[in-house]
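Beneath this line is the structure, given in structure tokens, with notes to follow.
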Amino acid sequence: MPLSWYLVFAAALFAVGLYGAIARRNAIAALMGIELMLNAATVNLLACWRYSAPGQMNGQVFAAVLLAVAAAETAVGLALILSVYRLRKTVLPEETDLMKG
């Protein structure tokens, strides 16, 4: 399978994630869109590693770090969303004006 197919797949995945992060009004759906964008970056890293230097481990290490960052981002994001939901009973970002001065 050529490298370009992986890159096109990752670009499509990133575009879907970007649309989900921007167009969704629900905070959880926006968080899922951000996860899709991080997964697209992981696919790019692994594809470029596979076709450039498959003997070295740096591509796999970068992908593992990116997956850890995605998991941490999800945990922090869900904790924030749950905290806001407990206070405001909504997950819509427009209705949470706690930080407005």
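Right, residue 68: open to solvent by less than 90 Å² (accessible area, probe 1.4 Å), over 27 Å from residue 4 (Cα atoms), assigned to a helix (DSSP H, G or I) and at pLDDT 90 or above or not? Judged against the criteria, residue 68 is not a match. Restricting region 14-26 to residues that are touching a Leu at 6+ places or on another chain (Cβ under 7 Å) and open to solvent by less than 40 Å² (accessible area, probe 1.4 Å), the residue that is modelled with the lowest pLDDT is 20. Only one entry in 38, 31, 46 is open to solvent by 50 Å² or more (accessible area, probe 1.4 Å) and either modelled with pLDDT of 90 or more or outside any loop (DSSP other than H, G, I, E, B) (or both), namely 46. So which pairs qualify, if the first residue must be in region 84-96 and touching a residue at least 40 places away in the same chain (Cβ under 8 Å), the second must be open to solvent by 100 Å² or more (accessible area, probe 1.4 Å) and in a loop (DSSP other than H, G, I, E, B), the Cβ gap must be under 6 Å, and the two must be at least 6 apart or on different chains? If the second residue must be open to solvent by 100 Å² or more (accessible area, probe 1.4 Å) and in a loop (DSSP other than H, G, I, E, B), the pairs left are 92/25. Being of a type in the set (Ser, Thr, Tyr), open to solvent by 50 Å² or more (accessible area, probe 1.4 Å) and under 14 Å from the mean Cα position of the chain (by Cα) is a condition met by no residue of region 3-12.
The single condition among (1) assigned to a helix (DSSP H, G or I); (2) open to solvent by less than 60 Å² (accessible area, probe 1.4 Å) that residue 76 does not meet is (2).
The values are calculated or read from the model by the stated rules, or taken from the named source; none is laboratory data. If you're wondering where the values come from, they're calculated on a predicted model, not measured in any experiment. So basically every Cβ, Gly included, is an ideal-geometry build from the backbone, and we count neighbours across all protein chains shown. Protein only, heavy atoms only, side chains kept; ligands, DNA and RNA dropped before computing areas. Shrake-Rupley method; radii C 1.70, N 1.55, O 1.52, S 1.80 Å.
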